[in-house]
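Comments concern the structure below.
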Amino acid sequence: MFEQLRKAFGLNNHPKASSQGVATPGQLALWAGAQRWDFAFEGEPDRFVLQGQVVEHPWRLESGAPTRDYIQGTELRVRAELALSPDAHVMVINRALKEELEGRVYGAITDSLQTTVNQSLPQEMRWLSIYEELRWPQMPASFLHAFAVVGEDLDTARHWVNAALVSQLMRDQQQVPPGQVPLVLMVSDASMALRMQSTARYLPDLEYAMALFLTASVVATHHLPPTADDHGPSTLPVT
């Protein structure tokens, strides 16, 4: 399924980048154009925007300075509002990051003598305090070693984190073992969101992020409950 999606998205068509995989803004523009995506360079080495559509809904990728302190270098942020039930809440997070953030949440509670998590904490940290990690027998051991699935409902998680999504998650990032690069993929409030650490204009990371995000969006649209009143594509907010 994933290879069919990859061909459908045209993600094999990219300009020749440097031996380190870093593309110039011009090369990125050509690559984006081959996928019929909009590209806008914002004048700094790591700052640009990509925009396109998935399952008839707009998505937006922003590359730039990290908005989370657990990300070093460049942060890739992708978001789309989909026609999903707002009751679906599932997160895939790389395991090393999960363990780090869980430690921070515990420290935030004990240091301030709070009994609840501060609402100013990032959403992924709040989720780790209120939702359990979800597992089921079909999960490969290699996937469980690299990633964790956290959410509210086991059936929702099983329908979304299927074989196609697991296969894409396990593809190499920056040619290191899967799960070593900080990554958070979330279904929440009828939206899909991805946040990932990268190197500025590193084309393999961009290909990985977009293939993962598009696959996650297609799978969610086909296998998760739809919203009760979908009025079609909405205007995408700035992330």
(request) Check off (1) open to solvent by 30 Å² or more (accessible area, probe 1.4 Å); (2) over 21 Å from Tyr70 (Cβ atoms) for Leu165 and give me the number that stays unchecked. (result) (1)
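Residues that are open to solvent by less than 70 Å² (accessible area, probe 1.4 Å) and at positive phi: does the stretch 67-81 have at least one?
If we filter the stretch 67-81 for residues that are open to solvent by less than 70 Å² (accessible area, probe 1.4 Å), which is where we start, we get 68, 70-71, 73-81.
From the residues that got through so far, the ones that are at positive phi too are 73.
There is at least one residue in the stretch 67-81 that is open to solvent by less than 70 Å² (accessible area, probe 1.4 Å) and at positive phi.
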(request) Taking Met196 as meeting all but one of (1) modelled with pLDDT of 95 or more; (2) more than 13 Å from the chain's Cα centre (by Cα), write down the number of the exception. (result) (2)
(message) When you scan the stretch 220-227, do you find a residue that is under 17 Å from the mean Cα position of the chain (by Cα), closer than 25 Å to Thr67 by Cβ, open to solvent by less than 10 Å² (accessible area, probe 1.4 Å) and at pLDDT 95 or above, even just one?
(response) yes
(request) Identify the residue in the stretch 171-187 that is open to solvent by 10 Å² or more (accessible area, probe 1.4 Å) and modelled with pLDDT of 95 or more and, among all such residues, is nearest to Glu99 (Cα to Cα). (result) Pro182
(message) Within the stretch 118-136, does at least one residue satisfy the condition of being open to solvent by 10 Å² or more (accessible area, probe 1.4 Å), more than 24 Å from Gln51 (Cβ to Cβ), among the polar types (S, T, N, Q) and modelled with pLDDT of 95 or more?
(response) no
(request) Please enumerate the residues belonging to the stretch 35-66 that are on the phi > 0 side of the Ramachandran plot and touching a residue at least 60 places away in the same chain (Cβ under 8 Å). (result) Val55, Glu56
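The values are calculated or read from the model by the stated rules, or taken from the named source; none is laboratory data. All of these numbers come straight from a predicted model, not from anything done at the bench. Glycine gets a Cβ as well: all are built from the backbone with ideal geometry, and neighbour counts include every protein chain shown. Side chains are part of the model used for accessible areas, which takes the heavy atoms of the whole protein and leaves out ligands, DNA and RNA. Shrake-Rupley method; radii C 1.70, N 1.55, O 1.52, S 1.80 Å.
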